[in-house]
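One structure below.
FYI, it's all coordinate maths here, none of it is from the lab. Just so we're clear, the structure is a prediction, and the values are computed from it rather than from any experiment. So basically every Cβ, Gly included, is an ideal-geometry build from the backbone, and we count neighbours across all protein chains shown.
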Amino acid sequence: MNKVLKFLPLILLITVCIFFLLFIIFEKNPSNPPSALLNKEIPEFSTKSLYNKYVLLSSENIRRNVNLPVNNNAYTNENNIQNKYTIINFFASWCTPCRAEHNLFFEIKNNYQNVFLLGIAHKDNPKDSIKYLNEEGNPYSFVGLDQDGKIALEFGVFGLPETFIINNNGKIIFKHIGPLTKEIIDDEISILF
Amino acid sequence: MISLIGFSALCLSAFFSITLLIPNSIFKFKIKFFLLFFRLSTFLICISFVSLIVAYVSSDFSNFNVFQNSHSNKPLIYKISGTWGNHEGSILLWLCMISIYGFAYSLISNALDDFKINVLKIQSSLFVIFAFFIIFTSNPFLVNSVKVDEGLGLNPILQDPALAIHPPMLYMGYVGFSLVFSLGMASLFKKSRDTNWIIETKKWAIISWTFLTAGIALGSYWAYYELGWGGWWFWDPVENISLMPWIVGLALVHSLIMIRGEQTIERWIVFLSILCFSLSILGTFLVRSGILTSVHSFASDASRGLFILLIFFLITGFGFLIFLIKSPANKNNLQLLLINKTSALIINNILMIIAMLTILLGTIYPIFIEVLTNTRVSVGGPYFNATVLPILLPGFLLMSIAPVLSWQSNKIKKFRTYVIFFLILSFVVFLHSYFTVFNTWGFIGLILGSWIILASIISIILRFQFLISFNYIKSINSFIAHIGVGIMIIGITFSSVYQKEYNFNISVGQEINLNENILKLENIKIMEEKNYQTLKASFSLKQKNDLIDYILPAKNYYPVSKMITTEAGIYHDWLKDIYITLGAEDNNIWNIKVYINPLVSFIWIGVIIMIFSGLIAIFKR
């Protein structure tokens with residue numbers, strides 16, 4: 001027992017160092033954490049429309065690509081196409097970097113027809129969100145509310161803004177923390193569609 | 001040119017230090033020459049560091065490091081502090097201090113020649129290791145390959161008076177433990193059985209610990225008014241790793257006190273010395289390798305991380321290995337009684353080590369988990385509050401009775417006086433808690449803090465001499481330190497338990513009622529400063545129509561690095577701080593956050609008292 005105790009500091013040191021070594025070798029970048037959700041099905045959620053509280057959108061709609069509502073219109077037929085990708089963007093009126101990336105969503109909307117853009121107003125007052133979208137324009141196909149932050153929790157949101165891309169099988173195929181840039185869209189997102 | 005001088009001085013100084021490492025069997029230096037070489041090396045490394053400062057002050061952008069971290073229209077103080085405001089420069093400062101500590105030791109120490117040489121040899125081998133690190137992976141004297149007239153600027157968040165002296169203070173602490181480490185190691189090799197080295201270790205451990213305290217406090221004070229989060233301690237990994245050597249250093253200082261009771265535990269002292277310095281290196285490693293992200297992680301680089309990891313492994317590994325092989329025998333058994341000073345000190349030591357391990361676990365746990373499972377977890381305040389505080393509580397309880405205990409017996413001196421005063425005080429505290437808002441943690445913190453203060457004050461009074469001399473202050477020094485801790489505990493408790501946070505949307509001219517005070521937003525101005533633009537709001541704080549003070553929160557925009565920093569506006573009072581940060585603006589309506597932090601000033605007062613008593617202790621034999 002006494003012998004083990006004597007060697008304890010050395011054993012501890014070696015274990016700790018091995019872990020640090022592995023950590024450095026695999027070059028974990030703290031500002032780009034791995035996502036547990038990547039390549040998995042999207043988590044269950046349901047959200048109300050910002051403009052009309054009777055219009056709901058749930059993860060089921062996205063997964064099966066059916067009955068996707070558009071802002072205040074409950075159901076439109078044009079959205080029920082197969083091969084539809086969904087982009088989920090978490091934003092808020094109080095988030096300055098969100099403003100920076102906002103214009104890029106108009107570009108995405110215009111360039112890629114088969115994309116359903118879901119904006120989720122995270123921990124935001126609906127009045128402020130509406131005002132924000134009036135000022136900056138509304139590129140989203142649907143704006144859902146997440147006032148208590150539950151949906152963001154399900155998605156493991158790290159910080160605003162955060163963007164997820166879901167393929168037509170309901171799997172998350174891309175995730176980005178922080179504002180999108182033109183380079184990211186050209187290099188990483190455009191190849192997905 | 002200046003870079004060339006700096007680099008040559010660095011290399012030469014490393015060379016001189018290497019020659020000192022020649023084993024005695026090959027060539028034996030005379031003590032005179034040995035010291036001469038060591039001091040020459042110190043002199044050269046100082047020249048090297050000064051030349052880097054000169055490069056910064058004269059904005060010599062032909063130096064790549066200056067180009068990356070400085071800008072010609074920064075104020076002079078930030079040009080100087082820019083020297084250690086980056087990775088390369090800060091490691092050069094670290095290296096310089098290793099040598100200066102050795103230099104100071106060679107001047108002050110009255111140890112035997114052999115012992116002195118051994119200490120300085122170990123110190124120079126540490127010096128050489130870090131010098132190689134600088135020369136091969138982080139050279140601050142690289143020449144800029146393109147000709148430029150302007151630098152990229154220092155991170156604006158670091159442009160702050162408290163942060164200008166925070167790194168040197170912290171490093172004085174961290175690096176001071178290198179000398180403690182050397183002393184501990186050298187004591188393992190010594191043949192004679194004198195205990196002079198323990199007294200020397202005590203002196204240097206106290207010096208380092210005092211500097212470390214000052215460094216941590218400055219960093220924490222900076223976080224309080226610059227980050228604008230309303231708090232002063234966030235259990236951020238970077239804060240934790242500076243706290244670990246601090247705690248172990250504290251344990252070391254306390255176990256060194258036992259020499260007064262003629263009870264020495266050399267083995268434990270050496271163990272703590274090794275641990276203390278290796279935790280200091282671990283801190284540097286975790287920050288500099290970019291494993292932990294924070295304001296401290298400058299450009300991170302995998303090769304640097306590997307190098308520091310290697311240094312950490314070698315120094316700690318060798319330290320513990322030699323400790324295993326040449327472990328000193330415990331001469332006399334400790335007098336462990338149920339309740340005497342020795343057992344109290346030992347229990348306190350154990351508690352501190354457990355607290356340190358708990359913090360260590362919380363800090364590196366995310367790294368373990370990420371390596372093993374590739375998922376990211378974060379360990380924050382709730383974990384540390386829930387685990388570290390309960391560990392420290394019995395320690396504080398012991399602190400409150402420690403001054404009364406004796407070395408040799410179970411008897412408690414002046415038992416009755418203490419008990420009466422304790423009961424009165426507890427009753428007062430209980431009444432206070434009963435009639436104000438009752439909160440368990442608030443109550444515990446208040447009662448422990450005031451117990452500690454009371455016990456120390458009674459002890460001081462009992463020893464009172466009518467002639468206040470320096471010797472008298474020295475003899476009550478440990479009580480002074482404990483009073484500082486008590487005041488700090490009360491400050492920490494109140495500022496965290498009874499903190500209030502408000503959110504307001506306010507336009508110019510509007511007033512807010514804050515309990516008995518009225519806060520009015522007078523105006524908002526934009527001003528041009530030397531290297532930034534500032535947007536300053538001016539709040540007037542009134543109490544019943546009497547103007548008390550103006551509070552000036554601000555946002556600064558730094559055009560060079562295109563960054564905005566927030567500057568909290570704080571009204572300091574002995575009893576509470578009113579703390580305002582500016583948020584977003586919308587149609588001339590400003591979102592502001594107001595915190596009322598009670599008794600924050602007590603924390604800083606407590607720290608200042610602790611530093612003061614640390615300084616006194618240096619002069620104590």
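Past 24 Å, Cα to Cα, is the threshold; run A:K150/B:K500; A:K84/A:K123; B:K32/B:K190 against it and keep the listed order. Those over the limit are A:K150/B:K500; A:K84/A:K123. Here is the short version for the protein assembly as shown: A:C17, B:C11, B:C46, B:C96, B:C276 have no other Cys C-beta closer than 4.7 Å. Computed from the C-beta positions of A:T15 and B:F132 and an R0 of 25 Å, the FRET efficiency is 0.45 to the nearest 0.05. Each label was represented as a point 7 Å from its Cα along the Cα-to-Cβ direction; for B:E516 and A:K6 these points are 6.6 nm apart.
Remark: the B:Y557-B:F470 segment gains 26.3 nm on full extension, using 0.36 nm per residue and subtracting the alpha carbon distance. Using the rule -39500 (n - 2.57) for each DSSP H run of four or more residues, divided by the residues of chain B, the 222 nm mean residue ellipticity is -21000 deg cm²/dmol. Applying Stokes-Einstein at 10 °C and 1.306 mPa s to the Kirkwood radius of chain B, computed over alpha-carbon pairs, gives a translational diffusion coefficient of 60 µm² s⁻¹. As a ratio to 2.2 N^0.38 Å, the alpha-carbon radius of gyration computed for the protein assembly as shown takes the value 1.07. Subtracting the Cα-Cα distance of B:I80 and B:L152 from 0.36 nm times their residue separation leaves 24.4 nm of extension gain. At full extension, B:L324 and B:N385 could sit 18.5 nm farther apart than now, given 0.36 nm per residue minus the alpha carbon distance. Restricting the calculation to Cα atoms, segment B:526-571 shows an Rg/Rh of 1.14 when the hydrodynamic-style radius is the Kirkwood one. Taking the Cα centre of segment B:522-621 as origin and assigning +1 to Lys and Arg Cβ atoms and -1 to Asp and Glu Cβ atoms, the resulting dipole is close to 440 debye.
Annotation for B:L40 and B:I165: the two label points, set 7 Å from Cα along the Cα-Cβ direction, are 3.6 nm apart. Counting every other Cβ atom within 10 Å of each residue's Cβ, A:E101, B:E528 order from fewest to most as B:E528, A:E101.
If R0 is 22 Å, the Cβ-Cβ spacing of B:E501 and A:K131 corresponds to a FRET efficiency of close to 0.30. Shown here for segment B:97-186: trypsin sites (Lys or Arg not before Pro) in loop regions (DSSP other than H, G, I, E, B) with at most 11 other Cβ atoms within 10 Å, namely B:K147.
Size descriptors for segment B:500-601, from the alpha-carbon set: Rg then Dmax equal 14.0, 45 Å.
Using the Karplus relation 6.51 cos²θ - 1.76 cosθ + 1.60 with θ = phi - 60°, the per-residue 3J(HN,Hα) values for segment B:271-282 come to 4, 5, 4, 5, 4, 4, 6, 5, 5, 4, 5, 4 Hz, with x marking Gly and Pro. Extending 7 Å from Cα along the Cβ direction at B:H572 and again at B:L397 yields two label points whose distance is 3.6 nm.
Going from the fewest other Cβ atoms within 10 Å to the most, the residues B:S538, B:S182, B:S138, A:S46 appear in the order A:S46, B:S538, B:S138, B:S182. The phi-based Karplus calculation (6.51 cos²θ - 1.76 cosθ + 1.60; θ = phi - 60°) puts the 3J(HN,Hα) values of segment B:457-463 at 5, 4, 4, 5, 5, 5, 9 Hz, whole numbers, x for Gly and Pro.
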